[in-house]
Each structure stands twice: as structure tokens, then as C-alpha cells.
Amino acid sequence: MSALRAACSWVVIRAHAAAEYPRECCGLVALQGRRESYWPCRNPAEGIGHFILDPQDYYAAEQAGPVTALVHSHPDMPATPSEADGVACEGSGLPWFIVAAAKDDAGQVLTGDLFGFAPEGYQAPLLGRPFAHGILDCYSVVRDPPSVNAPEGCQPSHPAPGKNPALPSQSAGKAQPGQPASSPA
């Protein structure tokens, strides 16, 4: 992340954000030897409200060296992480950096400060999460562990192995779930 503090990387990141405006720019930071470099990536996402890192660009950055951070812009929004950014940062395991970009009164695109954050175990709440396709959507409600995100009183109870209270009591000789049927004596 030291290269992000260097003037040349900051200039390149800001120029990339301005060039992509009003779409989100995205890029990666890769370690080359002892120096980190910014790799601008294409954003094949449709629309302007999100980004997708082009897989070929991601591969190219990885070939240069280990990827150490992800960078993207927030057009016409502050450089603070959205709920989807927090979840995706956790999933990537990488530090993320966001740069704000907006037009001034004269129509010139200006870029703001760079905001950085890192994975810290964040999990989106089960209830009240905003929709973000592929990150915070209907599937994510099923995928995310309910024992962590469930409201008070909604945590699942886990029966002891082999004991399922939802099944009626079963007599000997009948198959239990996950067990072969026994033969009569």
C-alpha cells in the first residue's frame, strides 16, 4: 500500500477515475519486486453504479506480482465504502481504496481523497441489507451464516448428531436418516 501514498501512483489513480467518469473505474495494486504499481483495469459492468474487474486484466496484474490491494472510484458519491464494498472487501481478503470523482460547476471532472479500508470480519446484517446483485442479494441471505447475522432469538438450534427433533420417533428395524435399514432379528 506504500505505492498508493506515492505521488505518481496517486496521479495515475486519479487520472483513471477522471477518464472513466461517470462510470466507476477499477484497478489493482500489484507488488513488483519491492515496489507496488497500480494496474488500471477495464470495467465490463453494464451501467454506472458498480464495477466488475475484467478477468484478463486481473490475470495480467497477478502475472506482474502478488495483488496487494483493489482500487475503484465512486462517481458523484463520497469515497466511503458502501455496504456492498464492505462485503466484497471481506470476500477478496484485500485492502480496498476508493477515490471520489465528480464534475464541478464548469463541467470538469475532479477527483477527491483516497479512502482505504481492509478486511476486519465485517458481515452485512441479515435484515435491512441493500440490494447489490451478486454481493447482497437473495442468494446472499441463504449463503451467509444465519447464526452470525440473525436477529436476537432467531439463531438456529442444532440438534445432536443423529437426533432430529422434526422426525417422529422410529422403531427398530426402520432406517434412520443417513443410516442403512437394519434387518429384522
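Taking all protein chains as shown and a probe of 1.4 angstrom, Tyr59 keeps an accessible surface of around 130 Å². In loop segments of region 1-99 as defined by DSSP, the trypsin sites (Lys or Arg not before Pro) with at most 12 further C-beta atoms inside 10 Å of their C-beta are Arg34. Taking amide H positions as modeled 1.01 Å from N, with prolines and chain starts lacking one, the residues under 5 Å from Leu28 and 5 or more places away or on another chain are Trp39, Cys41, Val71. In region 25-97, the C-alpha radius of gyration followed by the widest Cα-Cα span (Dmax) gives 12.2, 37 angstrom. Here is the list for region 18-96: GluC sites (Glu not before Pro) lying in DSSP coil, each with at most 10 other C-beta atoms within 10 angstrom of its C-beta, are Glu46.
A simple spin-label model places pseudo-atoms 7 Å from Cα toward Cβ; at Ser92 and Asp105 they are separated by 3.6 nm.
The values are calculated or read from the model by the stated rules, or taken from the named source; none is laboratory data. All values reported here derive from a predicted model rather than from experimental measurement. Positions of Cβ are generated from backbone atoms using ideal geometry, with glycine treated the same way; all protein chains shown enter the neighbour counts. These accessible areas exclude ligands, DNA and RNA; they are computed on the full protein's heavy atoms, side chains included. Shrake-Rupley method; radii C 1.70, N 1.55, O 1.52, S 1.80 Å.
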